[in-house]
Amino acid sequence: FFQAEDGIRDRSPSRGLGDVYKRQVNTLLRQSLINLKYRDRIIFDGYPRNVDEANNLEVILKEFNQTIGHTIFLNVSRDIIEKRIMGRMTCEKCNMTLNEYFNKEQIELHPCGVEHLKKRKDDNLDIVISRYDTYMSSTKPVLDFYSKNSNFTEIDGAGEIDQITNKINEILKV
């Protein structure tokens, strides 16, 4: 979400930055909202991550007479999430991302060669379970916070990327 001067990227308060993180996010939000180029066209992907951040976002939006136009939730089962993360492979030559569970034929035929497909070190089951547990305890309540609004839409995130993209584009009227 942001690149801090010290090189720390997208750290949440639970990772030890607390007030520094909050101030940096608030500054970025205000800079974006005051800039007419971005105003009314901001997409928050992965933010807010907890109810405190959701409340904070609402306060800042109110300062600028702005509201959230749409909240989109991509609903994906834990099983699919595990397979997407555990099976993710990226080509070190062309940066194409494939999945060993969902793209077997494309992996075999990859023009750069299978030997160039690498997995991330943090794509292991323990980390996937930890991320999911964090999501359930911290981020899921944010969905409950926004789901009461009429602009909340849930999409089946297990579908094909093109299908999901088309549904999002319909909602956003892109």
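The values are calculated or read from the model by the stated rules, or taken from the named source; none is laboratory data. All values reported here derive from a predicted model rather than from experimental measurement. Positions of Cβ are generated from backbone atoms using ideal geometry, with glycine treated the same way; all protein chains shown enter the neighbour counts. Areas reflect the complete protein model, heavy atoms only, side chains present, ligands, DNA and RNA absent. Shrake-Rupley method; radii C 1.70, N 1.55, O 1.52, S 1.80 Å.
Let me confirm something: among L109, L33, which residue is surrounded by 13 or more Cβ atoms within 10 Å (Cβ to Cβ) and hydrophobic (A, V, I, L, M, F, W, C)? Going through L109, L33 in turn, just one is surrounded by 13 or more Cβ atoms within 10 Å (Cβ to Cβ) and hydrophobic (A, V, I, L, M, F, W, C): L33.
If you filter region 112-123 down to residues that are surrounded by 12 or more Cβ atoms within 10 Å (Cβ to Cβ) and within 16 Å of K83 (Cα to Cα), you find that the one that is modelled with the lowest pLDDT is D123. Just to be sure, is D52 out of contact with any strand residue (DSSP E or B) (no Cβ under 8 Å at 6 or more places or on another chain), in a loop (DSSP other than H, G, I, E, B) and open to solvent by 60 Å² or more (accessible area, probe 1.4 Å)? Against the criterion (out of contact with any strand residue (DSSP E or B) (no Cβ under 8 Å at 6 or more places or on another chain), in a loop (DSSP other than H, G, I, E, B) and open to solvent by 60 Å² or more (accessible area, probe 1.4 Å)), D52 does not qualify.
Quick test for you: out of I80, I72, pick the one residue that is β-branched (V, I, T) and assigned to a strand (DSSP E or B).
I72
Within the option set Y47, Y21, being open to solvent by less than 40 Å² (accessible area, probe 1.4 Å) and closer than 22 Å to L172 by Cα holds for one residue only, Y47.
Of everything listed in (1) over 20 Å from the mean Cα position of the chain (by Cα); (2) assigned to a loop (DSSP other than H, G, I, E, B), the single unmet condition for K121 is (1). When region 124-172 is filtered for residues that are assigned to a helix (DSSP H, G or I), charged (D, E, K, R) and in contact with a strand residue (DSSP E or B) (Cβ under 8 Å, 6 or more places away or on another chain), only K167 remains. Residues satisfying the criterion are absent from region 103-121 (criterion: within 21 Å of I164 (Cβ to Cβ) and in contact (Cβ under 8 Å) with a residue 12 or more places away in the chain).
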